Amino acid sequence: MNQTIIIPRTLANRLLTLAQLTPDVEICGLISKNNQQKYQVYPIDNIASDKSCVFEMQPEQQINAFKLIREKQQDLFAIYHSHPDSEAIPSKKDLNDAAYTEALNIIISLSTKGVLDMRGYFYKNDKVETVDLIIE
Ligand SMILES: [Zn+2]
């Protein structure tokens, strides 16, 4: 049975809006959560050479986001990115680049016009665990 994780609708909408702002390139960033169950999104520039199908977080922004998360005593909740033209399924590169095995990976797909396709995964030792995201 898949693990289930609740995503507040406001957070899901925020991620979808960010993805739709640049529908031709993958967006990426971090999401933190504090002990009052408050989520914060840290968008990070994608510096990959082919942003239409790959993401690579801008290193200083990424370090800075982690620093802020620590300073505000939040926890890393998820790493998100978008797929402009493909389903919300991790690519080979997504799996190869996976660095944080304890963080949820959220993929937002824009390939399904009008229908929210947001899926979650844990990447554990070359194994992909699908998470059932419950948006409420
Ligand atoms: Zn991807």
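The values are calculated or read from the model by the stated rules, or taken from the named source; none is laboratory data. Predicted model only: the values in this text are computed from it and were never measured. Heads up, the Cβs are rebuilt from the backbone with ideal geometry, glycines too, and the neighbour counts pull from every protein chain shown. Just the protein is used for accessible areas: all its heavy atoms, side chains included, with ligands, DNA and RNA removed. Shrake-Rupley method; radii C 1.70, N 1.55, O 1.52, S 1.80 Å.
Do any GluC sites (Glu not before Pro) in the stretch 47-90 lie in a loop, going by DSSP, with at most 13 other beta-carbon atoms within 10 Å of their beta carbon, and if so which?
87
Could you tally up the Lys pairs in the chain with alpha carbons closer than 17 Å? Skip any pair fewer than 8 positions apart unless they're on separate chains.
9
How large a share of the accessible area of the stretch 1-133, in percent, is made up of carbon and sulfur atoms when the probe is 1.4 Å and the other protein chains stay in place?
50 percent
Given the options 80, 39, 100, state which has the largest fluctuation in a GNM of the chain using a 10 Å cut-off (strictly under) for Cα springs.
Looking only at 80, 39, 100, the largest GNM fluctuation is found for 100.
Within the stretch 63-85, which residues have the backbone N less than 16 Å from the label spot 7 Å out from residue 50 along Cα→beta-carbon, could you tell me?
83-85
For a quick check: with amide H placed at 1.01 Å from N, whose amide H comes under 5 Å from residue 7's, ignoring anything fewer than 5 positions away on the same chain?
Those lying under 5 Å, H to H, from residue 7 are 134, 135, 136.
Within the chain, which is the longest segment containing none of the trypsin sites (Lys or Arg not before Pro) that sit in a DSSP loop and have at most 15 other Cβ atoms within 10 Å?
Longest run free of exposed loop sites: 73-112.
Roll a 1.4 Å probe over the protein heavy atoms and report the accessible area of residue 116 in Å², nearest 10.
Around 60 Å² of this residue is reachable by solvent.
Give the accessible surface of the chain per residue, rounded to a whole number of Å², with probe radius 1.4 Å and ligands, DNA and RNA excluded.
58 Å²
Can you find, among 98, 13, 36, the residue sitting farthest towards the positive end of the charge dipole of the chain, where Lys and Arg contribute +1 and Asp and Glu -1 at Cβ?
Working it through, the farthest residue towards the positive pole turns out to be 36.
Which whole-number percentage describes the relative contact order of the stretch 3-135, with Cα contacts under 8 Å and a sequence gap of 6 or more?
26 percent
In whole percent, what relative contact order does the stretch 20-79 give with Cα contacts below 8 Å and a gap of six or more residues?
Result for the stretch 20-79 is 39 percent.
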